[in-house]
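Encoded as structure tokens, the structure appears first; notes follow it.
The values are calculated or read from the model by the stated rules, or taken from the named source; none is laboratory data. Computed from a prediction, not measured in an experiment: that's the story for all the values here. Quick reminder, even Gly has a Cβ in these numbers, built from the backbone with ideal geometry, and neighbours come from all protein chains shown. Areas reflect the complete protein model, heavy atoms only, side chains present, ligands, DNA and RNA absent. Shrake-Rupley method; radii C 1.70, N 1.55, O 1.52, S 1.80 Å.
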Amino acid sequence: MRRLRFSRRRRMIVRSRKTRSMVSLPAPVRCLGLAIVLCAAVANAGAREVTADRLLHARDEPQNWLMHLGSYDGARYSGLDAINAETVSQLVELYSVPLGGLLQGGGSFQDALPISPLVEDGFLYIVDGNGRVNKLDAHRRGAVVWRNDAGQRDLDSWLEPSRGLAFHGDYVIATSADGHLHWIDKETGETARSVAIGDPTEGYTIVAPPLVAGDRIIVGGGGFDRGAAGRIDAIDAETGDHLWRVDTLAEGGAPGPIGGGTIFQTGVYDPATGLTVWGTGAPVPRFAPFAGDAGASRSNSAIAIDVETGAVRWHFQYVPGSDPNGFSEAGTHQLAALDGADPVLMHFGNNGYAYALDMADGSLRSATGHVLGPLWPGVDPLDGRPETGEGGGLDTAWANRADCPNILGDPAYVAAFSPRTGLAYGAGADGCLTENLPVIKTYSAPGWLGAYYAGAAGNLGMLSAIDPQTGALVAQRLFDFPVHGGALATAGGLVFAMTAEGTLHALDEETLEPVWSRKFGSLAPIPPVTFEVDGQQRIAIVVGGNAFTPDLSYRPPEMGISEPIFVLVVLGLRS
């Protein structure tokens, strides 16, 4: 593998935000106290490159978790099976690692943060709530090897840390809320290069983890309701050069919304077709009368892009750009492929339907309702859009009425797919929200329109199992509280899901009957990952964060949660 075209230095190099000149900063912290005395050089002896071939065959390394969604198909599936229906009752907490990020500022820092780790050869790499990148040694109960702030300095509190990382060669690839992409040396923790993707003073930020596909790094960003339009950029992984850009709102920059179409989660990649598919968010401002379909034809869509050229091969819009209800389809997709069957692109929509699309051309194969609350009368059999119905759905009479399905029911990670069962597992929240006047107008965004929400406390959580080939709803499990974190499927015959009040559930992969559960006592919007270290299977999950904003989500007293925390918990079978 070619090396990056720069020399490594023993001091971190970053770009000054004020002068745009290169400045030197102290190297990242690698020892944080007497209890952590072994540093990066010892801990990383024999570290391997994460090559393009290893990423292509990531599922062949079940002991690791090399990609944000586990593998290019986004399946969040692990071939490890030591933790199974017979042994899961012996699952206990082995250790925990407190992470930073308990800021009580405005914006996203009030929310629990959906951050997921990578794992390679017994080392965990994870972003904390402050946006710092941490390397932890799983051989030594999560001892901190190094910590890098990845340029997260003096930022506006609305800028949310990245939700995850990627690997390329000898580097951890990280994004930061100030619109930069960083190459961090896996061994030393030093920043080798930083490249600006967008400008936060123009409302641009990055929260989605990057995707490494061959020699390119694909980055999705935008400004949600801060004004910057969403976009997807490709960066040369070796040189840092910009290769192509795709606008996520409309082709050719057609007039329409001011912003939106933001990317919140990483895309999937199909090496056979050379396509990467990303989900996009809603256009903003939400209630502006000019926000018509013409200027937002790629919002709330799946966009399929040729990785080499940046050409958009097709896009499928789940909800029209003129919808004022706020549904966002920026959640993950899964490439569900079984032997002998054509690959199907699955997406559990925020609009209440689970979609199966043809990967080749984006045509609709099926749309299955996966929530129990009120839905639209149906979906158009040609374009897949929900049909307008009285009392809910795509309705412009938005003030003081129920939004159904629940627009806040879309979890950060949405779904998993198991090649054992051939089923896709989608999580979410059931019920409705009521939008209430007055509209929101803030000093930082004068003239922007929105509304407050209420009536969410009674909403249920759910996990649905759907056959991508037929669209059949095979099984469904309801929970007392929403499932914000999505799912993990394993070869042990279990599906893991986390409910909002902090309970991790293990369910039977066929019936979704509960097998085991453990409550951690703090909010959790994050699914677990699983890996192996020293021959033993482990489950790792981040619990806590800050309090969910009371007006925007679910925190009734019945949850019984403790004060907010932000901790990585690692579980294993009792010896």
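Here are a few things to note about the model shown:
- Ranked by how many other beta carbons lie within 10 Å on average, peptides 49-59, 529-539 from highest: 529-539, 49-59
- Taking label points 7 Å from Cα along the Cα-to-Cβ direction, Asp534 and Ala311 give a separation of 5.3 nm.
- Carbon and sulfur %, accessible surface of the range 317-361 computed with the full protein complex present, 1.4 Å: 44 percent
- Estimated at the nearest 10 Å², the accessible area of Phe316 is 10 Å² with a 1.4 Å probe.
- Accessible surface of Trp65 - all protein chains present, 1.4 Å probe, nearest 10 Å²: 0 Å²
- Computed over protein heavy atoms with a 1.4 Å probe, the carbon and sulfur contribution to the accessible area of the range 142-247 reaches 39%.
- Rounded FRET efficiency, nearest 0.05, which uses the C-beta distance separating Ala196 from Leu56 and R0 of 41 Å: 0.90
- Under-5 Å amide H pairs with Trp65, H placed in peptide plane, nonlocal only: Val119, Glu120
- Glu513/Asp339 FRET efficiency (R0 35 Å; Cβ-Cβ; nearest 0.05): 0.80
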